[in-house]
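A short worksheet on the structure shown next.
The values are calculated or read from the model by the stated rules, or taken from the named source; none is laboratory data. Values in this document were obtained by computation on a predicted structure and should not be read as measured data. Using ideal geometry, Cβ is built from the backbone for each residue, glycine included, and neighbour counts are taken over all protein chains shown.
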Amino acid sequence: PSLTRGVTVEVPKVSWEDIGGLQDLKPKAVDFTVKVNVNILFDVYIWPLYSQKKLQQAVEWPIIHQSAFSRMGISPKRGVLLHGPPGCSKTTLAKAAANAAQASFFSLSGAELFSMYVGEGEALLRSTFQRARVAAPSIIFFDEADVVAGKRGDSSSNSSTVAERLLSTLLTEMDGLEQAKGILVLAATNRPHAIDAALMRPGRFDLVLYVPPPDKEARLEILNVHTRNMAIDDDVDLRTIAENTELFTGAELEGLCREAGIVALRENISTGVVCNHHFQTALSSLKPALTRADIE
Ligand code: ATP
């Protein structure tokens, strides 16, 4: 089997402008210190401000201003953990970061590594880091990180051995990044508390960013992004739609715009312009998956 299975390499086309909201978020701390195993000696830097700028700095600066970093004797971050509900742009942020830094983008999925034959997942992990070193500057995006980087001893014997071997390979590779320049690992999870404490030590994932569901202003920006190339009528008031879509994720807002477009086309395939009533019809058929409890 090919060692490149499941890996995609590209400099993504998504840019920061394609992401609505997230720039002026309210601080929201995640208390890892309570949840992780306190017996393990570790030092977690939790940044209380979660914004694109933080990610932008963590990603772009070390790559763009590499020599300034060496002059200052500062070693750039090696790992950033993005966490938050599904569909709220973790993947998109990682891609935008890679685009901004003109970095090669390697994408791995924890679930996919986990499902591979014994040894194959580890080999893929190692070869991905190897290829990222060759292609540097690189970003390795590691989706569903908790599947591989979950706390040791959490699951049943067989599956936990597989996960442990993958985790220890990941740790070895992260530590090996010390010498490598211009490689950043961005991991994403919906379950940050399930992440093994060993990964949260400085020099591994020492920047933790919460990617929240969008608030009203962010929803408006997301609606703007996804109607940018759409013929919409003057009677569409995106601000009101943003107000009426509480708990919708970015992915669901994108779905709403697409659905409104389809409703309009169904009505008139040749001169279809999306009007307010198309949005209302689409809206009446969609329900957000998140509940208030998910975000509080
Ligand atoms: P998952 O946890 O399910 O992998 P995710 O947090 O990585 O989800 P993405 O895959 O980045 O979410 O987002 C899904 C889709 O939703 C993207 O195609 C993107 O276009 C849209 N989307 C999500 N959030 C935003 C946003 N803030 N602005 C614009 N589009 C967004």
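Summary of values
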{"read-out": "Residue in the range 72-83 that is farthest from the ligand (Cβ to nearest atom), counting only those that are outside any loop (DSSP other than H, G, I, E, B) and more than 20 Å from R126 (Cα to Cα)", "value": "M72"}
{"read-out": "Count of residues meeting criterion [within 16 Å of the ligand (Cβ to nearest atom) and touching a residue at least 12 places away in the same chain (Cβ under 8 Å)] in the range 225-257", "value": "20"}
{"read-out": "Close pairs from the range 156-181: first over 19 Å from D146 (Cβ atoms), partner modelled with pLDDT under 80 and not acidic (D, E), Cβ under 8 Å, at least 6 apart", "value": "D175/G203; E178/S75; E178/G203; K181/Q66"}
{"read-out": "Options F248, F279: the member that is surrounded by 16 or more Cβ atoms within 10 Å (Cβ to Cβ) and within 20 Å of D18 (Cβ to Cβ)", "value": "F248"}
{"read-out": "Count of residues meeting criterion [within 22 Å of I19 (Cα to Cα) and either over 16 Å from the mean Cα position of the chain (by Cα) or in contact (Cβ under 8 Å) with a residue 60 or more places away in the chain (or both)] in the range 110-145", "value": "1"}
{"read-out": "Helices (runs of 4 or more DSSP H) enclosed by the range 84-138 - at least 2 residues per element that are within 13 Å of the ligand (Cβ to nearest atom)", "value": "90-100, 110-115"}
{"read-out": "Selection from the range 258-271 of residues that are surrounded by fewer than 17 Cβ atoms within 10 Å (Cβ to Cβ) and more than 16 Å from the ligand (Cβ to nearest atom)", "value": "I262, L265, R266, E267, N268, I269, S270, T271"}
{"read-out": "Residue tally, condition more than 11 Å from the ligand (Cβ to nearest atom) and surrounded by 20 or more Cβ atoms within 10 Å (Cβ to Cβ), over the range 206-219", "value": "5"}
